[in-house]
Amino acid sequence: MPAAPTPNLNDDLAQRVVSHAANAEWSPSPLPGVDRRMLDRVGGEVARATSLVRYQPGSSFARHVHGGGEEILVLEGVFSDEQGNYPAGSYLRNPPGSSHAPFSREGCVLFVKLWQFAAQDVEPVRIDTRTELWRQGLVPGLSVMPLHEHDGVSTALVRWAPDTRFKAHTHPGGEEILVLQGLFRDDAGDYPELSWLRSPRRSQHAPFTAQRARSFMSRSATWGLSF
């Protein structure tokens, strides 16, 4: 049997966290063929959690209810459930109270957030980011693809051209970043592909790139197109 997950991992939201998920070990879940790299967690198998999840080809999950909601970005392969097939680049939100029986015929890797929905955030979301339009950000070289916003919490893809710099700024409600491609940088360090960063409320940084980068970002203060 797989070991029980660590009940509390990076659970202090007042602390800055950097995890290089590409170097982390995969841990088996209770279901054969489904593995996890845990990034933050509060609780056991039913938990507020942020993870990378890997489905081996032919793996499936029994039908289950998302008591606290589920947010997914498909990173590799094709993720499926009874409602459809979601290739890499798909962004999904399954609100609290929804249910499904997911599977993957060819295998896939997902970025998954559980139990992090507001109770009133009840609209399901399905976005194919391969075909959505990018919008100009606040500085040259920066493009933004808004994905979701509710009650001051906004989520987007952000694309950085080489040698793009953004001014030093404060995150009143905090910020979370998953680096999808390239090398993301700020005044505190360098973050290669699959680095996960979570910065607390009122934190500051001055991000930039020396090469092209793409990131998945969420922040808990309404920003519109303020990247």
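The values are calculated or read from the model by the stated rules, or taken from the named source; none is laboratory data. This is a predicted model, so every value here is computed, not measured. Glycine gets a Cβ as well: all are built from the backbone with ideal geometry, and neighbour counts include every protein chain shown.
Give segment 147-164 a look and list any residue that's surrounded by 18 or more Cβ atoms within 10 Å (Cβ to Cβ) and closer than 15 Å to PHE216 by Cβ, or say none.
LEU147, VAL153, SER154, THR155, ALA156, LEU157, VAL158, ARG159, TRP160
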Give me a count of the residues in segment 102-114 that are buried (at least 17 other Cβ atoms within 10 Å of the Cβ) and either part of a loop (DSSP other than H, G, I, E, B) or touching a Cys at 6+ places or on another chain (Cβ under 7 Å) (or both). 1
Among LEU114, LEU92, which is the only one that is outside the structural domain of PRO207 (by TED's automatic domain parsing), among the aliphatic types (A, V, I, L, M) and at pLDDT 95 or above? LEU92
Hand me the list of strands (runs of 3 or more DSSP E) wholly inside segment 1-70 holding 1 or more residues that are outside the structural domain of PRO95 (by TED's automatic domain parsing). 17-20
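For segment 114-168, give me each residue that is of a type in the set (Ser, Thr, Tyr) and in contact with a strand residue (DSSP E or B) (Cβ under 9 Å, 6 or more places away or on another chain).
THR129, SER143, SER154, THR155, THR164
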Among strands (runs of 3 or more DSSP E) lying entirely in segment 138-196, which contain 2 or more residues that are under 25 Å from GLY69 (Cα atoms) and of a type outside the set (Phe, Trp, Tyr)? 142-150, 153-160, 175-182
Output the residues belonging to segment 174-185 that are closer than 17 Å to SER218 by Cα and either hydroxyl-bearing (Ser, Thr, Tyr) or surrounded by fewer than 18 Cβ atoms within 10 Å (Cβ to Cβ) (or both). GLN181
Quick one: in segment 40-76, which of the residues that are at pLDDT 95 or above and more than 22 Å from PRO124 (Cα to Cα) is nearest to the chain's Cα centre (by Cα)? ARG54
